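The structure appears right after this line, and notes come after that.
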Ligand code: 13P
């Protein structure tokens, strides 16, 4: 099935009280592992691409070509959206041109009026071309591929203004952080989330920084209107752990264990297991 935008899958998720996972991709192994797991579990899925990962893969054009071809050659029938993660203004236009089906404009570091003006323009351009769009208010703490945020909780009034632009999904800072959570993390601000949900109604809300959030907090966030959850670091950690084990056990030194298809296989399987665990937790299994 051709790639789709994320609007319909997220509207369904919001109405059905579950969340669709956005899993970030870095290369062929990541993409294949996520697509196959979504298909096996009959779950919709969003492939996230940060600007850094896009650059690593030699550009958004390469990414779009790879994802489209792989979706077809693997015979994937579940809905798959190819989404820019924390896009700059320029990055959004590059992804639109490259054939992405969904973009995120992260204008959260701009003064609000500038975020609003740029978001408004990009909503109109994206919708004119059939893409879905995510915008951000408040900021996600920590660092992801060079995007650094202070982690301010979003102002629910500002969330309403941005949501009313017609964005398909709204990312709001609620104490969430990219990467591993520190020991002294205060947890998600459900008070903020509830206030945002009250102001924005049926709009699908996005929870960034999905790595390491305890299951009970994830479930509560979904009950308060979160319908898209982003996971990046956790797949990287699973891949790293499995690859380290393979090498520490000396398997790369046995026979043809150095063959990249063997060397990368445990990490690939580990990503699949992490994606499966998250899809089960988010409730998107069987919802394609
Ligand atoms: P984690 O790396 O913390 O899972 O965050 C992913 C994310 O929010 C992508 O935008």
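Identify, from the list 6, 19, 38, 69, the residue that is surrounded by fewer than 23 Cβ atoms within 10 Å (Cβ to Cβ) and either over 16 Å from the mean Cα position of the chain (by Cα) or in contact (Cβ under 8 Å) with a residue 12 or more places away in the chain (or both).
Working: 6 fails: surrounded by fewer than 23 Cβ atoms within 10 Å (Cβ to Cβ); 19 fails: surrounded by fewer than 23 Cβ atoms within 10 Å (Cβ to Cβ); 38 fails: surrounded by fewer than 23 Cβ atoms within 10 Å (Cβ to Cβ).
Answer to the selection: 69.
Among the residues of the range 151-171, is any farther than 26 Å from residue 99 by Cα, more than 16 Å from the ligand (Cβ to nearest atom), in contact (Cβ under 8 Å) with a residue 12 or more places away in the chain and surrounded by 23 or more Cβ atoms within 10 Å (Cβ to Cβ)?
Yes, the range 151-171 contains at least one residue that is farther than 26 Å from residue 99 by Cα, more than 16 Å from the ligand (Cβ to nearest atom), in contact (Cβ under 8 Å) with a residue 12 or more places away in the chain and surrounded by 23 or more Cβ atoms within 10 Å (Cβ to Cβ).
Would you please name the residue that is nearest to residue 47 (Cα to Cα), looking only at residues in the range 22-32 that are surrounded by 16 or more Cβ atoms within 10 Å (Cβ to Cβ) and more than 15 Å from the chain's Cα centre (by Cα)? Lay out the reasoning, then the answer.
The initial filter retains those residues of the range 22-32 that are surrounded by 16 or more Cβ atoms within 10 Å (Cβ to Cβ), namely 22-26, 29-32.
Within this subset, residues satisfying the condition of being more than 15 Å from the chain's Cα centre (by Cα) are 29, 32.
On the way: 29: 13, 32: 11 Å.
The selected residue is 32.
Out of the residues in the range 246-268 that are in contact (Cβ under 8 Å) with a residue 40 or more places away in the chain and outside any loop (DSSP other than H, G, I, E, B), state the one that is surrounded by the most Cβ atoms within 10 Å (Cβ to Cβ).
Among those that are in contact (Cβ under 8 Å) with a residue 40 or more places away in the chain and outside any loop (DSSP other than H, G, I, E, B), it is 267.
How many residues does the range 200-217 hold that are part of a helix (DSSP H, G or I) and surrounded by 20 or more Cβ atoms within 10 Å (Cβ to Cβ)?
Within the range 200-217, residues that are part of a helix (DSSP H, G or I) and surrounded by 20 or more Cβ atoms within 10 Å (Cβ to Cβ) number 1.
Residues in the range 222-238 that are more than 13 Å from the ligand (Cβ to nearest atom) and either within 13 Å of the chain's Cα centre (by Cα) or assigned to a helix (DSSP H, G or I) (or both): how many? So that I can check it myself, show each step before the final result.
Taking the range 222-238 first, the residues more than 13 Å from the ligand (Cβ to nearest atom) are 222-225, 227.
If we keep only those that are either within 13 Å of the chain's Cα centre (by Cα) or assigned to a helix (DSSP H, G or I) (or both) as well, we get 222-223, 227.
Residues that pass the stated criteria total 3.
Since every read-out is calculated from the coordinates, none of them should be taken as a lab result. Note that the coordinates shown come from a computational prediction; the quantities given were computed from them, not determined experimentally. Heads up, the Cβs are rebuilt from the backbone with ideal geometry, glycines too, and the neighbour counts pull from every protein chain shown.
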